[in-house]
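Right, one structure below, let's go through it.
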Amino acid sequence: MSVIVLVSPLSRQVPLLEGADYAGVDAGALCCMRQGIPMVFAIGDFDTAGTEKTRIALSTECHVLPCRKNETDMESALLDAKARGYDTIILYGVLQGRFDHTMANLYLLLHRDPAIWLMDEKNRVRIIGKGVYHIRKEYRYLSFLALEDSCISESGVSYPLTRRQISVQDIYTISNEITASSARIEVHSGRLLMMEWDDQHE
């Protein structure tokens, strides 16, 4: 399975994922360069990169976008990554900073490609559908919000559920904790936003 990490300008310390490729989105390319991470490409209008734009262009395949456009830089990066055939696309550093940008990135997950992951230093967000999932205890908290009427079972957590029907109005399914080495999650029907997060990282 091919994986690419699209690094946003708000990224601080980019994780090195085994076997993954990397691309810099606008000044996210500088984050990769600071850590010595080779990039498959860089893309953006580079309005946040300032005088470093030339250095980025010399370091990798670089696509300079106009400042006035319908797509965000991250959406353009997502489209480029999809065209290259990646199976898993991780949008990194996209859950912080300006709230409108955060919501725009969430909309990319909800309305453009449900297979992408949103991540930053403390959070990981993805959509899960019908099936069984074993979630390792990589983060302290595990939360779910229904995207449609759903039925879920949770075990190996502080607040287990058995075939619980949840609607899009329910919010009691947040802030659970994994108590074993992994949690077993079964989605019997529906689709849910799964959020893993940790307030202990420095």
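Listing for the model above:
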read-out: Solvent-accessible area, 1.4 Å probe, carbon plus sulfur percent, for segment 47-194; value: 50
read-out: Where the chain is the region considered: accessible area per residue in Å², 1.4 Å probe; value: 52
read-out: Under 5 Å, built H, 5+ apart or other chain: amide partners of ALA42; value: GLY24, GLU61, CYS62, HIS63
read-out: Share antiparallel - DSSP beta bridges, segment 1-154, percent rounded to 5; value: 10
read-out: Value at 222 nm in deg cm²/dmol, rounded to 500, when DSSP H runs of n ≥ 4 in the chain each add -39,500 (n - 2.57); value: -4500 deg cm²/dmol
read-out: VAL157 long-range amide H proximity, modeled H, under 5 Å; value: THR179
read-out: The chain: C-alpha gyration tensor shape, a/c 1.5 cut-off, then a/b vs b/c; value: prolate
read-out: Coil-residue trypsin sites (Lys or Arg not before Pro) of segment 32-121, DSSP, other Cβ within 10 Å capped at 15; value: ARG68, LYS69, ARG84, ARG98
read-out: Rounded, prolate or oblate (a/c below 1.5 giving rounded, otherwise prolate when a/b exceeds b/c) for segment 109-149 by Cα gyration tensor; value: oblate
read-out: Distant-in-sequence amide H partners of SER2 (H built 1.01 Å from N, under 5 Å); value: ASP87, THR88
read-out: Derived scalar couplings ³J(HN,Hα) [segment 141-148; Karplus, 6.51 cos²θ - 1.76 cosθ + 1.60; whole Hz; x for Gly, Pro]; value: 10, 9, 10, 9, 10, 6, 8, 7
read-out: Shape of segment 1-117, Cα gyration tensor, a/c cut at 1.5; value: rounded
read-out: Per-residue ³J(HN,Hα) for segment 168-179, Karplus 6.51 cos²θ - 1.76 cosθ + 1.60, θ = phi - 60°, Hz, x for Gly and Pro; value: 5, 8, 7, 10, 6, 8, 9, 6, 7, 10, 7, 9
read-out: Solvent exposure, largest accessible area first (probe 1.4 Å, DNA, RNA and ligands not counted), of LEU10, LEU110; value: LEU10, LEU110
read-out: Loop-located GluC sites (Glu not before Pro) in segment 1-94 whose Cβ has at most 13 other Cβ within 10 Å (DSSP); value: GLU18, GLU61, GLU71
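The values are calculated or read from the model by the stated rules, or taken from the named source; none is laboratory data. All of these numbers come straight from a predicted model, not from anything done at the bench. Every residue, glycine among them, receives a Cβ derived from its backbone with ideal geometry; neighbour counts consider all protein chains shown. What goes into the accessible areas is simple: the full protein's heavy atoms, side chains included, and nothing from ligands, DNA or RNA. Shrake-Rupley method; radii C 1.70, N 1.55, O 1.52, S 1.80 Å.
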